[in-house]
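*Asks:* Mind looking over this structure? Questions follow.
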Amino acid sequence: MPRMDRLQTQYQRLYLPPTPDAAGAPGLIGGDGRVRALVLGLRGPADWDTLAPVWRGVQADLALPAPAIAVNGVDAHELWFSLAEPVPLAEASAFLQGLRRRYLAEVKPARLPLWPGPDAATTSPQPHATRIPALHPDTGRWSAFVAPDLPAVFGDDPSLDFQPGEDAQAELLSRLASIPPAAWQAALAQLQPAAAVPVPVTAAVLAQPPAASPTHNALNGPYQDPRRFLLDVMNDPTVALALRIDAAKALLVSGGTTG
């Protein structure tokens, strides 16, 4: 099999939908508006140390196959996820948003190009989700899929100044697996934000009297011995922990907790 055919076969196996797009071209969005490829990038700077926890987390926390790692030839490291079955754009976008919230909450959204993005259902696909490997016309440098031990080597220059070997690219992709439907649904459920359960305010609730303050046994007194008072405070589980600690400290200063 020619080298280009092998690379095309692996790319299609992982990322292309079963049906071509509306124009008849084999793009990442199928004619039914569904996708099998999802891309999460980090740019400005392209810091692999920040993106690596996502690559590790989806495997360790979500039990998903490892996504491909890529340098985009311009300004970003990228993670390419492959689905065994296509999903709607909105569902794919929800997954990426969930990853952003879980692993990259401290990173500004402008540094995180996502494909499909939040508005992908109503606008054209983001241009950063282009075919890899490819020569970028603006930089004259190449994008490429890279092995897991290489992203850090690129530093803040996520690109190659030479064309990556097609055999090597095909070999990298051949080691990857697509996310099965059951694993996809389980991961998607884990990544959704917890819904707040509203508490209805009814007339019966409003009519309830305020809750009485807890009665502390240590305050029932009377006390003639300050040390006995401090002992009772320290040993009373209904007293706030901070006050019990203060009582214990006072006893230590006064010479012990016996008596």
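The values are calculated or read from the model by the stated rules, or taken from the named source; none is laboratory data. In this text, all values refer to a predicted model and were calculated from it rather than measured experimentally. Reconstructed Cβ throughout: ideal geometry from the backbone, glycine too, with neighbour counts over all protein chains shown. Calculation scope for accessible area: heavy atoms of the full protein, side chains included, ligands and nucleic acids excluded. Shrake-Rupley method; radii C 1.70, N 1.55, O 1.52, S 1.80 Å.
*Asks:* Is there a residue being small (Gly, Ala, Ser), more than 17 Å from the chain's Cα centre (by Cα) and closer than 30 Å to residue 152 by Cβ anywhere in region 61-73?
*Replies:* Of all residues in region 61-73, those small (Gly, Ala, Ser) come to 63, 66, 68, 70, 73.
Imposing the further condition that a residue be more than 17 Å from the chain's Cα centre (by Cα) reduces the set to 70, 73.
This time we only want the ones that are closer than 30 Å to residue 152 by Cβ, so: 70, 73.
Taking every residue of region 61-73 in turn, at least one turns out to be small (Gly, Ala, Ser), more than 17 Å from the chain's Cα centre (by Cα) and closer than 30 Å to residue 152 by Cβ.
*Asks:* Another one. Which residues, taken from region 128-184, are among the acidic types (Asp, Glu), over 26 Å from residue 62 (Cβ atoms) and under 23 Å from the mean Cα position of the chain (by Cα)?
*Replies:* Within region 128-184, 156 is the sole residue that qualifies.
*Asks:* Assess whether residue 93 counts as being outside any helix (DSSP H, G or I), hydroxyl-bearing (Ser, Thr, Tyr) and closer than 30 Å to residue 155 by Cα. Steps first, answer last, please.
*Replies:* Values: outside any helix (DSSP H, G or I): no; hydroxyl-bearing (Ser, Thr, Tyr): yes; closer than 30 Å to residue 155 by Cα: yes.
Answer is no for this residue.
*Asks:* Follow-up question, since we're still on this one. Determine, yes or no, whether residue 63 is of a type outside the set (D, E, K, R), within 21 Å of residue 147 (Cα to Cα) and touching a residue at least 40 places away in the same chain (Cβ under 8 Å). Spell out the reasoning first.
*Replies:* Working: of a type outside the set (D, E, K, R): yes; within 21 Å of residue 147 (Cα to Cα): yes; touching a residue at least 40 places away in the same chain (Cβ under 8 Å): yes.
Spelling it out, residue 63 is indeed of a type outside the set (D, E, K, R), within 21 Å of residue 147 (Cα to Cα) and touching a residue at least 40 places away in the same chain (Cβ under 8 Å).
*Asks:* Scan (1) in a strand (DSSP E or B); (2) open to solvent by 60 Å² or more (accessible area, probe 1.4 Å); (3) small (Gly, Ala, Ser) for the single condition residue 70 breaks and write down its number.
*Replies:* The failed condition is (2).
So that you can scan it fast, the table gives a plain yes or no per residue for (1) at pLDDT below 70; (2) in contact with a helix residue (DSSP H, G or I) (Cβ under 9 Å, 6 or more places away or on another chain); (3) surrounded by 12 or more Cβ atoms within 10 Å (Cβ to Cβ); (4) hydrophobic (A, V, I, L, M, F, W, C):
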site: 169; (1), (2), (3), (4): no, yes, yes, no
site: 173; (1), (2), (3), (4): no, yes, yes, yes
site: 181; (1), (2), (3), (4): no, no, yes, no
site: 191; (1), (2), (3), (4): no, yes, yes, yes
site: 199; (1), (2), (3), (4): yes, yes, no, yes
site: 210; (1), (2), (3), (4): yes, no, no, no
site: 224; (1), (2), (3), (4): yes, no, no, no
site: 227; (1), (2), (3), (4): no, yes, yes, no
site: 235; (1), (2), (3), (4): no, yes, yes, no
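*Asks:* Here's something else I'd like to know. Could you check how many residues of region 36-67 are over 27 Å from residue 141 (Cβ atoms), assigned to a loop (DSSP other than H, G, I, E, B) and not hydrophobic (A, V, I, L, M, F, W, C)?
*Replies:* Of the residues in that region, 2 qualify.
*Asks:* Under 8 Å between Cβ atoms, which residue pairs at least 6 apart in sequence (or on different chains) link something in region 148-160 that is open to solvent by 70 Å² or more (accessible area, probe 1.4 Å) with a partner that is of a type in the set (Lys, Arg)?
*Replies:* Sorted first by the residue in region 148-160, then by its partner, the list stays empty.
*Asks:* Can you tell me which residues in region 94-112 are open to solvent by less than 30 Å² (accessible area, probe 1.4 Å) and within 12 Å of residue 51 (Cβ to Cβ)?
*Replies:* Within region 94-112, 99, 104, 107, 112 qualify.
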